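For reference, the structure is listed below as structure tokens.
Values quoted throughout were computed directly from the atomic coordinates according to the rules given, and no laboratory measurement underlies them. On a predicted model such as this, the values are computed, not experimentally measured, just so you know. Every residue, glycine as well, gets a Cβ built from its backbone with ideal geometry; the counts of neighbours run over all protein chains shown.
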Amino acid sequence: MSDSTIPATHKALSIPEFGSGYQLTTRSVHRPGPGNVLVKIEAIGLNPVEWRLLKVDFRRIAPIWGGSESSGYPLLTGLDGAGTVVEVGPEVKGITIGDRVTFEGWWEPDLSTYQEYTIAPAELISKIPSSMSFVEAASIPLGLVTAAFGLCLPYQPPPKSSGLGLKAIWEDGAEGYYKGQPILVFGGSSSSVVDRVMAAAIQIARYLGFSPLITTSSVKHTDFLLDLGATHIIDRNADVKAETTRILNGSGLKYVYDAVHSPITQAEVDFLAPGKEATAVFAATHVFKDAGRELFAKLPEFLEKGIIKPNRIEKLPGGLSGIVEGLARLETGQISGKKLIVVPSETPNVV
């Protein structure tokens, strides 16, 4: 795509002011500066945090959630995207016009994914295999980042944000590093939160060699979770501690990962050996740039080899206009075991 074919304006979905809903609008297409690229977004993944942003004044939480102090309204959101690079800024290496990529967006107007075009830091995007569709690729970024950072970032005592401090999957020698050690992954595939995080956590734990790899889930997702790498599925309504103890023949459990309960419950603490502490991480490549750079540099290999797979998906009609209904379904708990995706080119004209 040349300069003459990049439009001056494009469609976007934004929250005009606190207390309003998402509205379809038009905004200027901004051009990439040094180290950045312009991406034509071909598919967008929906996440629960995006309906939660309707309930809070973003100006009050922006510094906590990683936005800039100047963040405000209109608020553009959207954290999962895939598309085609249409312009490359100065100082960018290894990315060219026409590359098919996936990336994590951000809560800044020019970096968010609820629009037809967006700016992305070149170091925080990954090329996708030719065999993978944009719709599939858009289901990956945020869930992968959340799981990878939660498992692999260095541990820091609460209240600091940190991970479990495992061997990072992007490091040499990570594959099979924890061979024969057990791990419990709370959540399996039982909720919209799980859809974006837990499938990735299971795949990462499998790559790191954990076994038994135990997870809790609605039993209807058993086959899917076994295919991802889980070795034992516990019904989420069962006595998880008793079932885990049975699976491990009474031996101890050192590692527990949970993206379902917030705050951490006593159940997780009970599983841990004395002296261990539960941790939490704000999972954003735009906050932990060094880790994000390493992860996204490794991701093309993971995707090509099938080490990381796309989520199961449901494509919604209406492009950007379909996001509102999709977020309502996430809020009311109507989604289980799949990722909602929209294709912005299907957006009707703004009236």
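Tabulated data
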| read-out | value |
| --- | --- |
| Potential lengthening between Gln156 and Ser345 on full extension [0.36 nm per residue; Cα-Cα distance subtracted] | 63.7 nm |
| Estimated distance in nm for a label pair at Arg293 and Thr96, the labels positioned 7 Å out from Cα along Cα-to-Cβ | 2.4 |
| Entries in Lys55/Lys254; Lys220/Lys241; Lys167/Lys309; Lys40/Lys220 that, when Cα-Cα distance is taken, lie over 27 Å | Lys55/Lys254; Lys40/Lys220 |
| Length gained when the stretch Arg60-Thr5 is fully extended (0.36 nm per residue, less Cα-Cα span) | 15.9 nm |
| In sequence order, calculated HN-Hα J values of segment 230-243 (Karplus, 6.51, -1.76, 1.60; Hz; x Gly/Pro) | 5, 9, 9, 10, 10, 4, 5, 8, 7, 6, 5, 5, 5, 5 |
| Protection proxy ranking, peptides 170-181, 327-338, average beta carbon neighbours within 10 Å, highest first | 327-338, 170-181 |
| Theoretical FRET efficiency, 1/(1+(r/R0)^6), r = Cβ-Cβ of Leu248 and Lys338, R0 41 Å, to 0.05 | 0.85 |
| Percent of Cα pairs exceeding the 12 Å cut-off, where the set is segment 103-145 | 64 |
| Extended-chain gain in nm, criterion 0.36 nm per residue less alpha-carbon gap, Asp223 and Glu171 | 15.7 nm |
| Separation of the Ser131 and His30 label points, Cα + 7 Å toward Cβ, nm | 3.8 |
